[in-house]
Each structure stands twice: as structure tokens, then as C-alpha cells.
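The values are calculated or read from the model by the stated rules, or taken from the named source; none is laboratory data. Source: prediction; values computed, not measured. Please note: Cβ atoms are built from the backbone with ideal geometry, for glycine as well, and neighbour counts cover all protein chains shown. The area values use the complete protein model at the heavy-atom level, side chains included, leaving out ligands, DNA and RNA. Shrake-Rupley method; radii C 1.70, N 1.55, O 1.52, S 1.80 Å.
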Amino acid sequence: MEAGGDPAAPAPGDAEDLEDTRLPSEEAGDGGGVQEDPTDSEDRSLEETGSKTKDQPPSLLSPLPQSESPSCTRELWDPAASENNAMDDSESGSGGQGGDPSDEDWRSKRKHVFVLSEAGKPIYSRYGSVEALSTTMGVMTALVSFVQSAGDTIRAIYAEDHKLVFLQQGPLLLVAVSRTPQSAAQLREELLAVHAQIVSTLTRASVARIFARKQNYDLRRLLAGSERTLDRLLDSVERDPGALLLGAVRCVPLTRPLREALGTLLRRCTAPGLALSVLAVGGQLVTAAQERNVLAECRLDPADLQLLLNWVSAPAFAAGEAWAPVCLPRFNPDGFFYAYVARLDAMPVCLLLLGTDPEAFHDMATCRRLVEDGMHTLGAMRNLGEAASFSNAPSATAPSYSVQAVGAPGLRHFLYKPLDIPDHHRQLPQFTSPELEAPYSREEERQRLSDLYHRLHARLHSSSRPLRLIYHVAEKETLLAWVTSKFELYTCLSPLVTKAGAILVVTKLLRWVKKEEDRLFIRYPPKYSTPPAASSASTDQASHNGLFTGS
Amino acid sequence: MAQADGRPQPGAGQPHVFKLVLLGSGSVGKSSLALRYVKNDFKSILPTVGCAFFTKVVELGATSLKFEIWDTAGQEKYHSVCHLYFRGANAALLVYDITSKDSFHKAQQWLKDLEREFLPGEVVVMLVGNKTDLSEEREVTFEEGKEFAESQSLLFMETSARLNHQVTEAFSAIARELLQRAERKEDQTRRGGARLALNQGPMGRAKCCAR
């Protein structure tokens, strides 16, 4: 808005800043986000330069007293430790209250995530008000620049039961301070997801431009309203691990003919500039169709898809038809797509149409009506409704299934990610897991399970000594994690199960997944508006595409 | 531009179509007003992402008209997308929160914005003070609002989306005003007036930040 130019405006100091807000239209000028970004590699290299930092002599990190004991061996099994603090964290209230680092409640949080500018200006904090944290954030900036002045990059500090993970992304610094059993690598992934979320609303280019122009800019102005999305993202790690941990999306269980019919429908309903259509229910994928010409060369990254799924499941999209710019950070961090988002037929079914034209709202709305009509013809609304009500939880907003469906007594929960998907479906890593039922209905129990999964994941994927199979007897449950060339699996079993019993359960589970594979996963992701003999660049997919377009 | 959809299309049994935009700073209740009016529903909703679009057919005596309502995000980062949609608008609701002086000033800024975009009298503008249910925390008096509205010849109303107070009335008042203007305009056109091409606002301004 341009109102800032008026000298009588109540906040004249904002005048200059306001101009920064016209981001999407500027971006739109250069093609709305479909170009590959030439500077994409910058961040990568930045990360790599830091890889040696862990081996830094402790003296370099001396500004922080604790860092003198860089105890990388803190990955011990200690399930009890995580339980002690579980209670306080069920409260997810953010912002507003507390924030003073001396505040006991604030200190007792298991994990803090901060985002600040290079100049040390607070941007986001999961808990407390950022204003009260200026000093704390100042210390973080000091740490980072101190190490930087030695020509290096700080990556993590291990201090007693705390891990501090630092991630610099352009002019933004992200810091996690955690007492959870998550590994530094997992925390980094989380910070990357937070950064991606910020980029998706602002684009990396505008963030860089803003800070290039005004180093002490207060980015909170532009992020206003997005903090809740960040809160939700961070909470999901503790409440419903899987997506972020496995880097995969969760699909709505659906019969293959119906899913393929829906895929065909999406493929048929196109609009000018349409790049991606997604049908989702409660943050889970029903099916997605990509425009080949736009997305074939640089495939849609699962992290981007997950980001979109999180985004459209926000309550803000519950009413009306929404039209908003969104950036896909992995695809092109510097450009905007324009997203049409609507709930279909007052159902929890959500349609996302992503295009490149900032003025295509009405085209997209027309396209939506086509999709809606098509779904009525297919009777898909009813089927999706049934899928959503298949779960045991009465208030389930997302379709899910009970672990009972597996028919393996003793099995409480699992995460299964297939790895044997045909090559041309690599673009869509998926996982499945049943809903969390008792004894994991309470917040702190879920957190404990999430912690256990994170520990197992960290061990399987340890960079120094990766494992393939872990059988772990915890206090209240027994877990078995197993990674092969065909799948990655985490199971949570009753504490009374024997080792032989566990293997039996897992065998049963694997058999069940194999049987239900077509329903649980999208085996043949559709593409649309593809000329049958596609360009040479993507012939490998074209052949499959022609074969599997379904009914 | 979406202007074609925004212009009133009188005649042939088709209802007039009017485009209405809701403007104002964050969390003053724009979406709540829209939701209350269109779906007669109230829930605390998160900040709007981008713009949200609603339609509602209104019966006013013998005539009916269709509102295309653009509910815009109060957050700065989305102003530019919303901008696209206020070009063809026939009416604007400038919403402020009666418990926030700042939001009242922001509404006045939005008015300046609108004036830059439209010719005087081209858009029906109503100033709306929302959240009368929180009147004990009131920072902007009814008189203040009314006075400002009158000085700028805007319609004025105080509403509560939560209590469903004056919401429909506000939209209906706009609808009546729009219909009257449309009739006047039709009269003019019949008499050979030609002012249809005047709806393009000054164009240069949009580029000011492309430095």
C-alpha cells in the first residue's frame, strides 16, 4: 500500500518500508516463479563450508561457557529424561506471554526456535515475545559473527543436555535450542523447514533485497500472520512425526481406481498457466497432477509439496475461495506462484490450483467448478467422506485408519516409507502411518513417542555409524526400526512383546502393507496436458504416463 | 484485469453484479464480516491469506443483485495481490476496529489509496467500525467515525460480526446505494452520456517501487 507517502500518516516512519510490501507483483514480472534460479547453489555451498566446524577446538567457542564441553556423545538412550519435561510443553500457546529469558515457564520449554536477522533483530520465537529476547538474540549474533570472523561457520553447540543448532540462510539466522533427543541433523532439517516456510511467503529474493536496503529492517511486519503457520509446523514435529522426519508426504488411503479417476479428472481440468493441481484432505494428499511443461525439468520437491499441504490445511482457508501468492522454496526460492485454494462442497476436501498468472483467479475458479462437477459425477465426494470417517477417532478431520486394520496384535503404531518405488515416482516420497490411538492420545505420550522415533531415526541415519536394524526396549513400549532397500520402517509395539513376537508382528505388517499398497500410496502420480509424444527431455516419464493414466 | 466481471451488467433478467472489496488493517474483522454476511457464521479465524472471494445474491425489493465480495488480507505482505482486485470494484468497505485507534487511522489511509485509484464518486465507500460487542474497550467513538465519514461523504455504520449486529444492514445499505447509482447511470447513458471509459485510475504510481 502506498499510503505511507502521506506526511500526515500516523506512522510516517513506515513510509519507506511499506514499499517493500509490493513483493508479488514485482516477482510476477519475471515469470511468476517458473524459472530456475541461477543463484540456487549459494546456500548449499554456504552449508558445506560449515561442515568442519564441529571439529573446531573448543577454545574457539569460548564466549559461551558451556561450550567447553562439546559432548558429541550425548546421544545416549535415556527415555526417562524426555518425560520429565513433557508436561509443560503440551501448552502450545505462543507469543504474548513471557519471553523474558529469566521466566521459569519460558526456560522450561523443551525446544526453542528463533529466527533473527543478521543484524540481530528478532524475527520469530516459538515461545514468548520476541521483544523480550533482544539480548538473547544479540548473544546468538555475537556467537555467529565471532566464529565467522575466524573464517568459519558455527553449526552446533552441545552443552550438557542442550543442543544449540545454528543455520544461516542469507540474511537470516535460525537457531534451535533443544533438550529433545533430536539430533543436530534433525534440528537442522526443522530449521530448514522453518526457513522454507518464511521464504514461501516472502521469497528469498525479497528477503535479501529488504535487508540489503535496510539492515535493521523489522521483518516481523511482513511476517505478521505467518507466525501461527510456523508454530503449527514446529508443533507437528512433536505431535505427528513423520512428514518432516521421513521427508515424505502422507496420502489419504483410497482405492486405486478412485484415485486414478481423480487424477485423470485433475489432468483434464486445466486453466491457462496452471502448473500444479492438488487435492488434499486435512493436510494429506489425495492426488496431485503436475503440468509437464512447467514442472517436468525441475520436479516438484516433496518438501515443497509438504509445505503446500501444511499451508492449505490452515484454518484460514476454511471459508470462501482464496487467492494468494506462494513461493515454492525448493523449486524456485525467488519467484511466486499464485495459488487458488478452496474447500470443495463444504467438505474437508481441499483443492489447490497453482498457476503463474497473478490475474488468473477467475480462470482458476472456473477450473475448480469443473473439478467439483467431475467429482460429483464420480461420486468421489461420498467416497472421500467415507475415507475420512474410516478412522476410530470421532473428531478426525483428516482421514486415517486404525492400527487394528493391520490385524497384528501388539502393534501400536508405525511409520512406513516405501523405498522401492519405480524410478519415475521418486519425485513423490510418501509414507503411511495409522492414527495415534491410546495410549498415545495424550499430548505428552505423543511427544514421548515422537522422541523415540527421532532417536531411532537419528541412529539409523547416523553419519558416523549408520544402522539397519534396531530393536529397542523402552520403558513403556518396545520399538523396532528397520531400513532396507525397499522400505524404512519404525514400529511401536507393546512393551510385553518378545523379540520373536516383534518379528512376527513386523512380518505381518509388511504383508499387510504389500496388500494395501495401492490404497495407501500413490503408485502412479498423474501428469497432465502432456502431448503423447513428449519432448525428449522427459521421454522416460512419457511412456509411463501414457500407460497409467487410469480409467 | 478482472474488470469485465466487476462492472454492473444490467438487463435481461440477469441481476446486477457488483464487486465489493473489504479493506482495512489486520484483525479488524473483515473476514468475520464477510463470513457473517455470506454464511451467517462466526468463528475466530486466522489471518486471511491473500484474498478470499465470496458471492452473495441479494434481493432488494423487486430487484436482485449479486455481490462479488473480495475479502483482503490486512497483512502488508499481501497488499499487492489484493490491489489487483480493487481496480474494478464498485464498492468498498473500509473496516476498522472500534477498540483500536490505529486501525481507524489505517482505514483513513486506505481511503487515500482508494481515492488515488478511482475518480471521486466512482466507488461507493462505507466506513465500518466493527466489534461493537467490545464497546467497553472502545477507543474510537461513534461520533469520531461518523464525523470522518461525513467529511468524506462516506456511508457509515458500526457493526458487530460476533453478535450479528448491523452486518446485513451495512451490506444492504451499500446495495441500495449501488442500485441507485446504477439507475442514475443508466439514465445518463440513455441520454447519451459516455463516461464508461473513465474507470482507469492513474497508472504511473504502480511502478514506484520497481527501483
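Here are the numbers for the structure shown:
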{"read-out": "Set A:LEU230, A:LEU174: member being touching a Phe, Trp or Tyr at 6+ places or on another chain (Cβ under 9 Å), within 25 Å of A:GLU445 (Cα to Cα) and not assigned by the TED database to the domain that holds A:HIS413", "value": "A:LEU230"}
{"read-out": "Of all residues in the range B:109-131 being within 14 Å of another protein chain (Cβ to nearest Cβ) and acidic (Asp, Glu), the one that is nearest to B:VAL28 (Cα to Cα)", "value": "B:ASP113"}
{"read-out": "Residues located in the range B:113-139, provided they are touching a residue at least 24 places away in the same chain (Cβ under 8 Å) and over 20 Å from the mean Cα position of the chain (by Cα)", "value": "B:ASP133, B:LEU134, B:SER135, B:GLU137, B:ARG138, B:GLU139"}
{"read-out": "A:LYS163 open to solvent by 30 Å² or more (accessible area, probe 1.4 Å) and not assigned by the TED database to the domain that holds A:HIS454", "value": "no"}
{"read-out": "Residue within the range A:296-307 that is outside any loop (DSSP other than H, G, I, E, B), within 14 Å of another protein chain (Cβ to nearest Cβ), open to solvent by 10 Å² or more (accessible area, probe 1.4 Å) and modelled with pLDDT under 90 present", "value": "no"}
{"read-out": "Filter result (open to solvent by less than 50 Å² (accessible area, probe 1.4 Å) and outside any loop (DSSP other than H, G, I, E, B)) within the range B:135-154", "value": "B:GLY145, B:PHE148, B:ALA149"}
{"read-out": "Residue tally, condition open to solvent by 10 Å² or more (accessible area, probe 1.4 Å), touching a Leu at 6+ places or on another chain (Cβ under 8 Å) and touching a residue at least 60 places away in the same chain (Cβ under 8 Å), over the range B:12-29", "value": "1"}
{"read-out": "Test: residue in the range B:35-57 that is touching a residue at least 60 places away in the same chain (Cβ under 8 Å), in contact with a Lys or Arg (Cβ under 9 Å, 6 or more places away or on another chain), outside any loop (DSSP other than H, G, I, E, B) and at the interface with chain A (Cβ under 7 Å from one of its Cβ atoms)", "value": "yes"}
{"read-out": "Matching residues in the range A:345-367 - criterion: being free of Cβ contacts under 8 Å to residues at least 60 places away in the same chain and either buried (at least 21 other Cβ atoms within 10 Å of the Cβ) or within 15 Å of A:CYS269 (Cα to Cα) (or both)", "value": "A:PHE361, A:HIS362, A:ALA365"}
{"read-out": "Among residues of the range A:170-204, those that are part of a strand (DSSP E or B) and either open to solvent by 10 Å² or more (accessible area, probe 1.4 Å) or of a type in the set (Phe, Trp, Tyr) (or both), counted", "value": "1"}
{"read-out": "Residue that is at pLDDT 85 or above and of a type in the set (Ser, Thr, Tyr), where the choices are B:SER80, B:SER103, B:SER44", "value": "B:SER103"}
{"read-out": "So A:ASP357, is it in a loop (DSSP other than H, G, I, E, B) and either at pLDDT below 90 or in contact with a Leu (Cβ under 9 Å, 6 or more places away or on another chain) (or both)", "value": "yes"}
{"read-out": "The range A:311-338 residues that are within 7 Å of chain B (Cβ to nearest Cβ), paired with ones that are among the aromatic types (Phe, Trp, Tyr) and surrounded by fewer than 24 Cβ atoms within 10 Å (Cβ to Cβ) (beta carbon under 6 Å, 6 or more apart)", "value": "A:GLY320/B:PHE53; A:GLY320/B:PHE54; A:GLU321/B:PHE53"}
{"read-out": "Members of the range B:170-211 found to be touching a Ser or Thr at 6+ places or on another chain (Cβ under 8 Å) and modelled with pLDDT of 80 or more, listed by number", "value": "B:ALA170, B:LEU179"}
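Residues are listed down the side, and each one gets a yes or a no for (1) surrounded by fewer than 15 Cβ atoms within 10 Å (Cβ to Cβ); (2) among the polar types (S, T, N, Q); (3) modelled with pLDDT of 95 or more:
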residue: A:LYS499; (1), (2), (3): yes, no, no
residue: A:THR507; (1), (2), (3): yes, yes, yes
residue: A:ARG511; (1), (2), (3): yes, no, yes
residue: A:ARG523; (1), (2), (3): no, no, no
residue: A:PRO526; (1), (2), (3): no, no, no
residue: A:GLN541; (1), (2), (3): no, yes, no
residue: A:THR549; (1), (2), (3): no, yes, no
